[in-house]
Structure formats: structure tokens, C-alpha cells
Amino acid sequence: MKCDIKNKNLRQEGKKRIEWALNRMPVLEQVRMRFAKTKPLKGVTIGACLHVTTETAALALTLKAAGARPSVCASNPLSTQDDVAASLVFDYGIEVFAIKGENTKTYYSHIDSVLKNNPQITLDDGADLISVIHKRARTSKTQRLPWASTEETTTGVIRLKSLEGQGKLLYPIIAVNDAYTKHLFDNRYGTGQSTMDGIVRATNKLIAGTNVVVCGYGWCGKGVSIRAKGLGANVIICEADPLKALEAVMDGFRVLPVKEAAKIGDIFVTVTGDINVISKEDFPLMKDRVLVANAGHFDVEIDIKSLAALATKKKEVKPLVTEYTLKNKKRIYVLGEGRLVNLACAEGHPAEVMDLSFANQALSAEFIAKNHRKLKKKVYKVPDEIDSRVAALKLSSMGIRIDKLTTQQKKYLASWEVGT
Ligand code: NAI
């Protein structure tokens, strides 16, 4: 079994935690049971560049049950759960190349290990694996292209739409992030809860009574804001889009530009997918002992290089908590090196929400296997039929029943004739 993981001996702990997740992902379980009978991915090689967590293990097992040969690498150097990686390899026979804390060179060598299997389907989270394939294909005529790929997150979809816009996309993409049953729940409730979880686990800070500044009021930002508010914080939103800013105002939050929020925040969370959202000029404005964390996909949202240049001292005061002392003696604590705080400092999204996202992933992989010959070099939505099936399965697993439209209602809703 090919692999590069931290420690085989962690497998027992990993297995227990994978089982915990498996028991909390009923939609994926139903998909897995069907896949085990029908084998829709028989013999298909799959390369997955995802956060190596218990929920990703559940997805990998679902793909394997479908007859696929999955191999997995990390989509972030700090998000790997080493015990899960060990168990996937030694209990479940799945190739994994991922070590928490790996450097950039190892991160890309792990992507390379997955690509050596020439995957027919790729699953990506952030589009790093897809962009390696695209860069290679430019220089090598022998680079085999997959049938298609899925993409899990907003930043990845933005990168891929940019490739598509430039006419450079080489194979079809299913934008899993854009399914309603993904971003409405995973980005909002998953990121919301796990980001606060990461901040609390890293620092044990009391949130009640603090000023929490959330930069970005998109799906993730809304989730972080409501959870911070629920913990008793005064939440301040920084936004660049007038519509989102107005929404934040009407949702009852104070909205300020970053430069003003910098002076009053106790905890800062960036979740925009943008670069240098908290920048060089903002750090000197901050109060002493503030916490700064990022939950956006890449570690570019907080300008840590400039912070390091401004600092007279830098030290790790707790695992994944770095203290920077500025010339004005104020201390700024960066969590998780500015990488996704929910994965670096906690366990990422809860299984219950990844149930939805990864059911979309598994069903999209099945869709690709069936339809790849018909797909063009485009970024596609997850078919609506998959999206509503995932929602219906989740409701039924929760024991919740909903109303059914009558024939008369369906007819009325599709008509224009009846007015006042
Ligand atoms: P979104 O597009 O719904 O929201 C982003 C918001 O940030 C937009 O409203 C935009 O106007 C705002 N924004 C952009 N630049 C800004 C700036 N300079 N200052 C203030 N606001 C700015 O995106 P979504 O889905 O909320 O995702 C945000 C990021 O989180 C992405 O990088 C995404 O990939 C990542 N993500 C992270 C997860 C995690 O587990 N931590 C889970 C899901 C997504």
C-alpha cells in the first residue's frame, strides 16, 4: 500500500473517530449502501485532494464501496488528521499522502503521488490539484487529463471559473460548492460553528462580551457572525459588497471599514477568499492582546508577512498560537498560522453537515462516471435533481416530513391566468 503519513500507530484512534463520523452521516450511508450493490464507479481511479478528516474518510469509503480506487492527499498543509490518515491506509486499504504540518514542497509532492495514479475523476478543495494538472498539461503533451473533477469550495470555484473565462479550462468541473445543499449548510453552519470551536480550542477565550470582527459577510461570514453573537459577542462586520453590507446591517450587526474595526476588535476573523484583508496598516491600530484568525480557504487573508516585519518579537505561546509583539508593545496573537482556523485548531466541520456536502461529492462522482462523454470543458452546477435528493434524504434521516404540492397547486404555480 503506497502512502506517506505521520505514524501508523495512530490508526486505532483514527478508526474510532472515523466510526463516530460514519454514524453521523446517514445520507452518505444510504448512498454507500446503494453504491455497494450497484458499483457505479467500478474500476474508476479517483484522486481526491481534500482535508484529510474523519468525514473525508467516510467519503473515501463510499467511493471504495462503489468499486473505485481512491487515493487521497491533503488540500491544506495544516488540516490533516494524522490518526485518520493512518487508519485509512492500514484499516481500510486506501492510499493517503498527507501529514499535518507538511511544508509546501511535501504538500505538492503529495499531490504528485495522487496524480501518479492517473485519476479518471478528481475531487478537489481549493483547486490546487486541478491547477497542477493544468500547469503540467501546458508543458507536457503526455499529461493525462481526468474525465472531470468536482470542486468543494468557493475559492476553488472562483479559480476554476477564472480558468474557464480565459478559455483555458481543460476538463469539466462540477461545482459542488454551488449546490444549495452545500453552501447553505456547510459554509454557513459548518464554518460558523467550527470556526468558533477552533478559536476556543486554541485559546479557551471567553467570547461573551468581546468585540468579534468578521471580515466578509458571505455564506461563511454569516455563519461565523451568528455563532459569535450566540456566544455573547458584539459582532462587527467588514464588507466590500454594498448588498452584503446592507444585509449585515438589517441582520442587526454593526458594519465598519476594517480600519475602524481594527481599533475596537478583540477577535478578528477573516472569511472572504480575498487577499490582505487585514493588512500592514491595520495591525498598529489594534488593541493589546487581540486574536486574529482566518477561516477563508488560503492563508492570504491576514498579511502575516507584514505583521512579522512590524514585530520586534515573535514566539509560539501555545500550540498554533503565535504572539507577535509590535514596537508599540502591543501583542497580536495569530491562530493556526493564518490557515483555516477551524481545521488547523479544531476538527473542521461536524459530520452532520459534511453528510450533505459529501453526499453531493459522491453523487457527482457517479454522475461524472455516467455522463463524462457528454460534458464540455465547463464549470457545471450540481444537477438540481441531486441537490434536492440530498435535501430530501437528509430530512428523512432527521425524521422530518414536509408537505407535498397537490396537482391543483402545481398547476397554479406554473400558470399566469389567475390573478386578483
Ligand atoms: P462568499 O463569496 O459567499 O463570501 C465572501 C464575502 O467576502 C463576500 O460577501 C465578499 O464581498 C466579501 N469580501 C471579499 N473581499 C473582501 C474584503 N477585502 N473586505 C471585506 N469583505 C470582502 O464566500 P464564502 O462561501 O463565504 O467563502 C469564503 C471563504 O471561505 C472562501 O475562501 C471559501 O473557499 C472558504 N471556505 C472555508 C471553509 C472552512 O472550512 N473554513 C468552508 C467553506 C468555504
Counting only residues that are farther than 15 Å from residue 45 by Cα and in contact with a Cys (Cβ under 8 Å, 6 or more places away or on another chain), the stretch 90-106 contains a total of 2
Every listed condition ((1) crowded, with 24+ Cβ neighbours inside 10 Å; (2) not assigned by TED's automatic domain parsing to the domain that holds residue 154) holds for residue 174 save (2)
Considering the stretch 204-219, residues that are touching a residue at least 12 places away in the same chain (Cβ under 8 Å) and open to solvent by 30 Å² or more (accessible area, probe 1.4 Å), and then whichever is nearest to residue 278 (Cα to Cα), we arrive at 211
Of (1) in contact (Cβ under 8 Å) with a residue 60 or more places away in the chain; (2) closer than 28 Å to residue 380 by Cα; (3) open to solvent by 10 Å² or more (accessible area, probe 1.4 Å); (4) more than 14 Å from the ligand (Cβ to nearest atom), residue 180 satisfies every one except (4)
Only unsatisfied item for residue 291, checking (1) hydrophobic (A, V, I, L, M, F, W, C); (2) within 13 Å of the ligand (Cβ to nearest atom); (3) in contact (Cβ under 8 Å) with a residue 60 or more places away in the chain, is (2)
Scanning the stretch 326-338 for residues that are among the basic types (Lys, Arg) and touching a Phe, Trp or Tyr at 6+ places or on another chain (Cβ under 8 Å) gives 331
If you go through 212, 271, the only one that is more than 10 Å from the ligand (Cβ to nearest atom) and under 15 Å from residue 191 (Cβ atoms) is 212
Screening 360, 371, 342 for residues that are over 24 Å from the mean Cα position of the chain (by Cα) and of a type in the set (S, T, N, Q) leaves only 371
Per the filter on the stretch 314-352, residues within 11 Å of the ligand (Cβ to nearest atom) and of a type in the set (Val, Ile, Thr) are 341
Pairing a residue in the stretch 318-335 that is of a type in the set (Phe, Trp, Tyr) with any residue that is surrounded by fewer than 16 Cβ atoms within 10 Å (Cβ to Cβ), where Cβ atoms lie under 8 Å and the two sit 6 or more apart in sequence or on different chains, gives 324/308; 324/313; 324/314; 333/289; 333/317
Sole miss for residue 34 among (1) of a type in the set (Lys, Arg); (2) farther than 19 Å from residue 115 by Cβ; (3) in contact (Cβ under 8 Å) with a residue 12 or more places away in the chain is condition (3)
Filter the stretch 385-420 for residues that are of a type in the set (Lys, Arg) and outside any helix (DSSP H, G or I); the one that is least open to solvent (accessible area, probe 1.4 Å) is 404
Note on residue 140: of the conditions (1) touching a strand residue (DSSP E or B) at 6+ places or on another chain (Cβ under 8 Å); (2) open to solvent by 30 Å² or more (accessible area, probe 1.4 Å); (3) more than 20 Å from residue 381 (Cα to Cα), unmet is (1)
### Query
Restricting attention to the stretch 189-196, does a residue exist that is buried (at least 23 other Cβ atoms within 10 Å of the Cβ), farther than 25 Å from residue 228 by Cβ, under 14 Å from the mean Cα position of the chain (by Cα) and in contact (Cβ under 8 Å) with a residue 12 or more places away in the chain?
no
Being open to solvent by 70 Å² or more (accessible area, probe 1.4 Å), assigned to a helix (DSSP H, G or I) and either of a type in the set (D, E, K, R) or in contact with an Asp or Glu (Cβ under 6 Å, 6 or more places away or on another chain) (or both) narrows 17, 11 down to just 11
- Item | residue 85 farther than 23 Å from residue 174 by Cβ and part of a helix (DSSP H, G or I) | yes
Exception for residue 229 within (1) more than 12 Å from the ligand (Cβ to nearest atom); (2) among the basic types (Lys, Arg); (3) open to solvent by less than 60 Å² (accessible area, probe 1.4 Å) falls at (3)
| query | Quick check: is even one residue across the stretch 252-268 touching a strand residue (DSSP E or B) at 6+ places or on another chain (Cβ under 6 Å), open to solvent by less than 10 Å² (accessible area, probe 1.4 Å), part of a strand (DSSP E or B) and under 24 Å from residue 282 (Cβ atoms)? | reply | yes
Taking first residues from the stretch 81-101 that are farther than 17 Å from residue 49 by Cβ and second residues anywhere that are of a type in the set (Asp, Glu), the pairs with Cβ under 6 Å that are 6 or more apart or on different chains are 83/13
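The values are calculated or read from the model by the stated rules, or taken from the named source; none is laboratory data. Source: prediction; values computed, not measured. Positions of Cβ are generated from backbone atoms using ideal geometry, with glycine treated the same way; all protein chains shown enter the neighbour counts. Ligands, DNA and RNA are stripped out before the accessible areas are found, and what is left, the full protein with its side chains, is counted by its heavy atoms. Shrake-Rupley method; radii C 1.70, N 1.55, O 1.52, S 1.80 Å.
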